[in-house]
Amino acid sequence: MKRSSADDCEPVDAMRARGLIVAIDGPSAAGKSSAGTLVARRLGYLYVESGAFYRALAWKVRERGLDPTHDAALRALCETTVIEVRRTPAGVRILVDRRDVTDELRAPEMSRIAAQIAANPIVREPMLRLQRTMAKDGGVVMEGRDIGTVVFPGADVKFYLDADMNVRGERRHKELVAKGLAVDLQSTIDEIVARDRKDMNRAVAPLRKADDAIAIDSTGLTLDEVVDRMVGFVERRRAAAPR
């Protein structure tokens, strides 16, 4: 990946309140993005969704009509693709080669392709460097599937979010329908089951709870309740951090 940047009008360092690195891991539709966004806002931290980078590259794979299992094509793509992260009043936007593709990245096809390329070291190595660069100064909430185990094994606070499969399916289905995508609930649940299986059994950086991660089951909790719990843990850790 050639580079990643933040808002054109606001330097990266100005966007970040120096502080802790907060890692959030968990399976699809467990609430990582929604909770992570609000936790970062409450803390004054930068929110980074690591999966968006993989889906951004997946978008370009689809646009070019490339085979996501073709190593040479993926290597060339990683060397030439420019992925930008911009924070706007409406939220974080993802650009690929200057084109805003944010609203297209949640399509089921993007998730399928992302799951294929995410296990490939040719893609993972530049993505890993990109993720670590985004959080090098701290003051970051980053969510994904291997943040607390691989990207930042030394993160100051780690969370593992999960929820009942049916609840996760309903959440993702509602999200996709709101974006105008024609999908049915059972197909959405099937996609999540397949993605879980692939993520948990992949040879490289499989999805798992870090030994020192705080587990939160969001099945019976509101989003605000989840965020309150997470912010409480981070605030206690932040208060105890050496100055």
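Backbone geometry of the stretch 89-103 corresponds, through the Karplus equation with coefficients 6.51, -1.76 and 1.60 at θ = phi - 60°, to 3J(HN,Hα) couplings of x, 8, x, 6, 10, 10, 10, 10, 6, 6, 9, 6, 10, 3, 6 Hz, x marking Gly and Pro.
The HN-Hα couplings worked out from phi for the stretch 196-211 by the Karplus form 6.51 cos²θ - 1.76 cosθ + 1.60 (θ = phi - 60°) are 4, 4, 5, 5, 6, 10, 5, 6, 9, 6, x, 5, 7, 7, 5, 4 Hz, whole numbers, x standing for Gly and Pro.
For A215 and I122, a Förster radius of 25 Å and the Cβ-Cβ distance give a FRET efficiency of 0.15, rounded to the nearest 0.05. The H on the amide N of G19, modeled in the peptide plane, is under 5 Å from the matching H of G139, each at least 5 residues off or on a different chain. Any of K60/K209; K32/K198; K136/K209 with alpha carbons more than 28 Å apart? Name them for me. The pairs that break the limit, which is 28 Å between Cα atoms, are K60/K209. Within the listed set R145, R99, R87, the residue fluctuating most in the Gaussian network model of the chain (springs between alpha-carbon atoms under 10 angstrom) is R99.
In terms of the ratio Rg/(2.2 N^0.38 Å) built on C-alpha atoms, what value belongs to the stretch 12-218?
0.97
Put simply, the amide H of T219, placed in the peptide plane, has neighbours under 5 Å in D164, leaving out anything fewer than 5 places away on its chain. The charge dipole of the stretch 12-218, taken about the Cα centre with unit charges on the Cβ atoms of Lys, Arg (+1) and Asp, Glu (-1), comes to about 400 debye, rounded to the nearest 20. Between R197, R98, R171, find the one with the highest GNM mean-square fluctuation for the chain; connect C-alpha pairs within less than 10 Å. Among R197, R98, R171, the largest mean-square fluctuation in the Gaussian network model of the chain belongs to R98.
Across the options A194, V82, L176, the greatest Cα extent toward the positive end of the charge dipole of the chain (unit charges at beta carbon of Lys, Arg, Asp, Glu) belongs to V82. Comparing Cα centroids, the stretch 153-184 and the stretch 213-243 end up 18 angstrom apart. Less than 5 angstrom separates the built amide H of Y160 from those of D25, I214, A215, I216, all sequence-distant by 5 or more or on a different chain. In sequence order, the stretch 169-174 has phi-based couplings of x, 5, 4, 5, 4, 4 Hz under the Karplus curve 6.51 cos²θ - 1.76 cosθ + 1.60, θ = phi - 60°, and Gly or Pro positions carry x. Taking label positions 7 Å along the Cα-Cβ direction at both D184 and A239, the computed distance is 5.2 nm, reported to one decimal.
Every number here is computed from the coordinates shown, using simple stated rules; none is lab data. In this text the structure is predicted, and so the values were computed from the model without any measurement. Because the Cβ atoms are built from the backbone with ideal geometry, glycine has one as well, and the counts that use them run over all protein chains shown.
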